[in-house]
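My questions all concern the structure below.
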Amino acid sequence: MTMPIETTPNTHVELSKEDNVATVRFVSEKGPPVFSSSVLGELTTVVRELAEDSAIRFVVFRSSGKVFVAGADIKEMANINEDQGYSLSQHGQHVFNAVENLPQITFAAMNGHAMGGGCELALACSFRLMVSGAKIGQPEVRLGLIPGWGGTKRLPMIVPLGWALRMLYSGEVIKAEQAAEIGLVDEVVPSEEALDESLQRWFDLLKSGAPRAITRIKHAILNDDESHQFGLCFSCSDAKEGMQAFIAKRPPAWLQ
């Protein structure tokens, strides 16, 4: 959830949309982006809007500079008590769970280091892309803390358990190349500029899937209700179009 930072940057969230792609950008006027309570609130509002936007197929989380997101705002947390810590954890878990449950395919396009809460946000996304040489990890234990926004659950689901325990217990952060080797990062790109080209390749790969079927796959994975979601397919125009297109030997025309 955190990494050591000396200053408290003024971070805010910007949402832009182009065609069927939404970009959620973390912008900091001074220093690296961090997650304060106010930033989590902004992110909650943005995610709620995206959840209702059926025209959007892909959501990209990104920032600018050498850091994707550095973690939580330590100055804000330094003097909170147990109850306030619990509330902060619940707040972050609520918004990151909402990110994980978005109906769209989500990407963490990591232009730089993703520490603590930045890593936890990336874990909540469908796919993780990272610039070469950038680092990712959960260093909370080195501050006497633990991840509070889903890191202890999602990291062991994505990487081998031994690696998850090593990173969580030691606070070790690893470079993008090593993260790719253990499955934490899906693609490493040479520069921040190369992220756009990489994202477009992923969009092209994934656009052949029916939007509603992808949403149901997400539900099935997260809620263990595959049979229910499979049944729902047969009351949906996507399944009818997909099967009719297959029989007619033509590409399907998905409705947004």
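Of L195, L222, L184, which residue is of a type in the set (A, V, I, L, M), touching a strand residue (DSSP E or B) at 6+ places or on another chain (Cβ under 6 Å) and under 20 Å from F107 (Cα atoms)?
Working: L222 fails: touching a strand residue (DSSP E or B) at 6+ places or on another chain (Cβ under 6 Å); L184 fails: touching a strand residue (DSSP E or B) at 6+ places or on another chain (Cβ under 6 Å).
Of L195, L222, L184, the one residue that is of a type in the set (A, V, I, L, M), touching a strand residue (DSSP E or B) at 6+ places or on another chain (Cβ under 6 Å) and under 20 Å from F107 (Cα atoms) is L195.
I've got another one for you. Go through the range 112-129 and give me each residue that's surrounded by 22 or more Cβ atoms within 10 Å (Cβ to Cβ) and not in a strand (DSSP E or B). Break it down stepwise before answering.
The initial filter retains those residues of the range 112-129 that are surrounded by 22 or more Cβ atoms within 10 Å (Cβ to Cβ), namely 112-125, 128-129.
Selection gives G112, G116, G117, G118, C119, E120, L121, A122, L123, A124, C125.
Is it the case that P211 is touching a residue at least 40 places away in the same chain (Cβ under 8 Å) and closer than 21 Å to S54 by Cβ?
Working: touching a residue at least 40 places away in the same chain (Cβ under 8 Å): yes; closer than 21 Å to S54 by Cβ: yes.
So P211 passes the test.
Does the range 149-163 contain any residue that is among the aliphatic types (A, V, I, L, M), closer than 28 Å to R57 by Cα and free of Cβ contacts under 8 Å to residues at least 12 places away in the same chain? Lay out the reasoning, then the answer.
Initially, the range 149-163 is screened for residues among the aliphatic types (A, V, I, L, M), giving 155, 157-159, 161.
Now restrict to residues that are closer than 28 Å to R57 by Cα: 155, 157-159.
Restricting the remaining residues to those that are free of Cβ contacts under 8 Å to residues at least 12 places away in the same chain gives 157.
Yes, the range 149-163 contains at least one residue that is among the aliphatic types (A, V, I, L, M), closer than 28 Å to R57 by Cα and free of Cβ contacts under 8 Å to residues at least 12 places away in the same chain.
In the range 136-191, which residues are part of a helix (DSSP H, G or I), crowded, with 20+ Cβ neighbours inside 10 Å and among the small types (G, A, S)?
Listed by number, the residues that qualify are G151, A164, A176, A179.
Of all residues in the range 106-130, which are under 8 Å from the mean Cα position of the chain (by Cα) and either acidic (D, E) or over 15 Å from A194 (Cα atoms) (or both)?
Start the filter on the range 106-130 by keeping residues that are under 8 Å from the mean Cα position of the chain (by Cα), which leaves 106-108, 120-128.
T106, E120, L121, A122, L123, A124, C125, S126, F127 - these are the residues of the range 106-130 that are under 8 Å from the mean Cα position of the chain (by Cα) and either acidic (D, E) or over 15 Å from A194 (Cα atoms) (or both).
Something else now. What number of residues within the range 175-213 satisfy the criterion of being within 19 Å of T23 (Cβ to Cβ) and β-branched (V, I, T)?
Pass one, the range 175-213, residues within 19 Å of T23 (Cβ to Cβ): 186-187, 189, 191-207, 211.
Among the residues that remain, those that are also β-branched (V, I, T) are: 189.
Result for the range 175-213: 1.
Still on this model: Taking into account only those residues within the range 38-56 that are buried (at least 16 other Cβ atoms within 10 Å of the Cβ) and in contact with a Leu (Cβ under 8 Å, 6 or more places away or on another chain), which is farthest from Q93 (Cα to Cα)?
Looking at the filtered set, the residue picked out is I56.
Going by the structure shown, is L199 under 30 Å from G112 (Cα atoms) and at pLDDT 95 or above? Working first, answer last.
Working: under 30 Å from G112 (Cα atoms): yes; at pLDDT 95 or above: yes.
For L199, the condition - under 30 Å from G112 (Cα atoms) and at pLDDT 95 or above - is met.
Right, something else. So which of F61, F26, F68 ends up being touching a helix residue (DSSP H, G or I) at 6+ places or on another chain (Cβ under 6 Å), assigned to a strand (DSSP E or B), modelled with pLDDT of 90 or more and buried (at least 20 other Cβ atoms within 10 Å of the Cβ)? If you could, list the steps in order and put the result at the bottom.
Details: F61 fails: touching a helix residue (DSSP H, G or I) at 6+ places or on another chain (Cβ under 6 Å); F26 fails: touching a helix residue (DSSP H, G or I) at 6+ places or on another chain (Cβ under 6 Å).
Answer to the selection: F68.
The values are calculated or read from the model by the stated rules, or taken from the named source; none is laboratory data. This is a predicted model, so every value here is computed, not measured. Note that we place each Cβ from the backbone using ideal geometry, even for glycine, and neighbour counts take in every protein chain shown.
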